[in-house]
Amino acid sequence: MSVGAALGQLLRLIHRRAMKLATLPEDERDPHYDHIRLSCCAAAEHIGQEPDQAAITANDMVEFVRALVGIIEIGSRPDHERSADQGSPVLHSGGQERGTTRI
């Protein structure tokens, strides 16, 4: 499988997972995020990342999924609720700033 095809498949999988998570109450999402974290960490180690780097990669993936869930939630709100949220964008960095992370 080409890198492009694998990336496309991964992004579709992440999108589907985020769509499902967005339907759950917030207090029921953590076990799902933990499962994503463990799966990503194992996959990163499997392709040769050191355990510490694999953990960082997995945490980055979980934060990406959390961000997608937030976008989906906001996009699912009625227009009158969304307009109240359209103030200044808030930038958040959940981890280290380091450019790219290999997956």
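Ranked highest first by average number of other Cβ atoms within 10 Å, how do 65-72, 4-11, 43-50 line up?
65-72, 43-50, 4-11
Expressed in nm², what is the orientationally averaged projection area of the convex hull enclosing the Cα positions of region 15-69?
Across all orientations, region 15-69 yields a mean hull projection of 3.5 nm².
The numbers here are math on the coordinates, done by the rules we state, and not lab data. Here the structure is a predicted model, which is why all the values come from computation and not from measurement. Note that we place each Cβ from the backbone using ideal geometry, even for glycine, and neighbour counts take in every protein chain shown.
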